[in-house]
1. In this structure, is Leu277 in contact (Cβ under 8 Å) with a residue 12 or more places away in the chain, touching an Asp or Glu at 6+ places or on another chain (Cβ under 9 Å) and closer than 25 Å to Ala56 by Cβ?
2. Take the conditions within 25 Å of Leu458 (Cα to Cα) and in contact with a helix residue (DSSP H, G or I) (Cβ under 6 Å, 6 or more places away or on another chain) and apply them to Leu156. Does it pass?
3. Could you check how many residues of segment 148-172 are farther than 30 Å from Tyr326 by Cα and charged (D, E, K, R)?
4. For segment 114-126, which positions are surrounded by 16 or more Cβ atoms within 10 Å (Cβ to Cβ) and assigned to a loop (DSSP other than H, G, I, E, B)?
5. Is there a residue being over 22 Å from Gly375 (Cβ atoms) and touching a Phe, Trp or Tyr at 6+ places or on another chain (Cβ under 6 Å) anywhere in segment 124-135?
6. In segment 191-201, is there at least one residue being over 17 Å from Ala265 (Cβ atoms) and either polar (S, T, N, Q) or buried (at least 17 other Cβ atoms within 10 Å of the Cβ) (or both)?
7. Tell me, which residue of segment 156-190 that is closer than 16 Å to Ser92 by Cα and among the hydrophobic types (A, V, I, L, M, F, W, C) is farthest from the chain's Cα centre (by Cα)?
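The values are calculated or read from the model by the stated rules, or taken from the named source; none is laboratory data. Being a predicted model, the structure only gives us computed values, none of them experimental. Using ideal geometry, Cβ is built from the backbone for each residue, glycine included, and neighbour counts are taken over all protein chains shown. These accessible areas exclude ligands, DNA and RNA; they are computed on the full protein's heavy atoms, side chains included. Shrake-Rupley method; radii C 1.70, N 1.55, O 1.52, S 1.80 Å.
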Amino acid sequence: MRPTSLKKRLFLSATGLAVVTLLPGCGSDRDADQSPINPEALVQRVIEEERVPGAAVGIWRDGEPVLVRGFGVTNVDSPRPVDQETLFKLASTTKAFTTAALALLVEEGKLDWDSRVADYLPQFALGDEWITREFQVVDLLTHRSGLGPGAGDLMLWPQPNSFSRADILQGLRHLPVTGSFRADYAYDNLLYIVAGELIAAVSGMSYEEFVQQRLLAELGLEHCYAGPVPEAARDNLADPHRLEGDRLVVDTPNLAPDHPIVLAAAGGMHCSAGDMLRWLRTLLAGGVSPDGQRLLSEESRDRLWQPVTLMPMSPERAERDGGHFYAYALGWRVQDMYGKRVIHHTGSLSGMYAWTAIVPEEKLAMVVLMNRSAGVARQALIHGLLKPYLGAEPRDWLAHFQELWGGAAAPSEPELLPRPESRAPVARKQVEGRYRDPWFGPMEIYTGAAGKLRWRSLKSPRLVGTMESAAPGVWSLRWDDRSLQADAWLVAERSDDGELVVTMQPLSRGVDFSYDFPDLRFVRTGPAGENGEAVGLLAQKKQKNKQ
């Protein structure tokens, strides 16, 4: 048994003694009878075994709170207990706010779900003219554009970088259309950013201003922000964390910024568990707030939950969820579980995970917010908190996912993908130089101070690393920033017309699909710049100073 460090003792102490604010009735015998599980005990066990610094959980059922409280701490270096007002990044659970904002504009007659995007944003274009011409508002929201999974996400992360929303609108036309329009499901984020720009163009307000004023303020969500978190609210802000070996560390490159961010409409909001539960209750009530104020029509609420794009339903998922269909609606996933309709969504950013769910038949709403990217923990809480309300047989979901994925105590090693081959290999001396990809922009390959080949992006400064020769014209690319967990294969070859081209692929199956390496195609534009290593370090320093 490992000795417990001072920081870990503080963490475990705060986990057990977190200052919590329960709504009236929470924790009473009546609530214990109402809940088929002991949710507090489950959350405590999950975050302790899976090394999650802090979490906030809200459960509302049949008009009454079951649980609204915080667990653990906001930051392991400066431990402060999480409570129901602690702000967490919402990641992709932000998407539901974006679709609700569009629903308000539809209700006002300023656009329709089947309006053509290019009629409002003339600069919008995909790599296919016909798709561009026919692309409707609803197509921005339903992951059926024909783009591949995570297409262009390298313009969003790793953060910080220097891409803008204008870059995204310009870059979309250069991303390959690899699937069938309105047929193939492939999760994307860029089109939600376009949706945010559509909101701005139609309303005359920025995305952040519209959501803050028309949704958050109207609902009285005082601990929820569409844009940067104000200085006055930062004392109760959960910071992202990661495991570095056996140690929990604050994921400093992904701290909440003090300026608007590019991915706001796709995953940039911050909110507390208490306010998120109020938001979910409003949707559960057909668009009427807990104060009795109508925010959305019930028709609009139903439209947000109407399935549009079928999603893959594996036999394993069907068995695990007791279901038959799985689909994407407008900013929500919809599926049947044990004969009941469940509307839900996850959110994933580096160092932050989220999950929201609504079960209309059970008059049930749930939210889970965490300040570590802990997949086993989130899955255990999703299934452990939700399934008992659906009539599922009791099951130790934490043990199940720990066995499946390894968990914090024994993480599994990702499987390496086969090494690619170069059709017309390029030698080391030839591969050095400046390159450009039409949507990702410039990168450079140069000889570093240690005499090894180095790769760096000029717009995404955390993407800098060392190349090791693996075969003629093939290198493995290991990033200096080991927290990225996204090493790549790099292939250099001559195209049919003699151009020197560099392409990339993930090195292992553990690389997140948002590291969109396969869509990159760098063409050499000139020789490497002088002092490439020094220039790269200077660019990183400038970006760090902006944080």
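1. On the way: in contact (Cβ under 8 Å) with a residue 12 or more places away in the chain: yes; touching an Asp or Glu at 6+ places or on another chain (Cβ under 9 Å): no; closer than 25 Å to Ala56 by Cβ: yes.
So Leu277 does not fit the description; no.
2. Spelling it out, it is not the case that Leu156 is within 25 Å of Leu458 (Cα to Cα) and in contact with a helix residue (DSSP H, G or I) (Cβ under 6 Å, 6 or more places away or on another chain).
3. Of the residues in segment 148-172, 2 are farther than 30 Å from Tyr326 by Cα and charged (D, E, K, R).
4. Those that are surrounded by 16 or more Cβ atoms within 10 Å (Cβ to Cβ) and assigned to a loop (DSSP other than H, G, I, E, B): Ser115, Tyr120, Leu121, Phe124, Ala125, Leu126.
5. Yes, some residue in segment 124-135 is over 22 Å from Gly375 (Cβ atoms) and touching a Phe, Trp or Tyr at 6+ places or on another chain (Cβ under 6 Å).
6. Looking for residues that are over 17 Å from Ala265 (Cβ atoms) and either polar (S, T, N, Q) or buried (at least 17 other Cβ atoms within 10 Å of the Cβ) (or both), one finds none in segment 191-201, hence no.
7. Ala186
Here's the yes/no breakdown for (1) part of a helix (DSSP H, G or I); (2) within 22 Å of Asp114 (Cα to Cα):
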residue: Gly171; (1), (2): yes, no
residue: Phe181; (1), (2): no, yes
residue: Ile193; (1), (2): yes, yes
residue: Val202; (1), (2): yes, yes
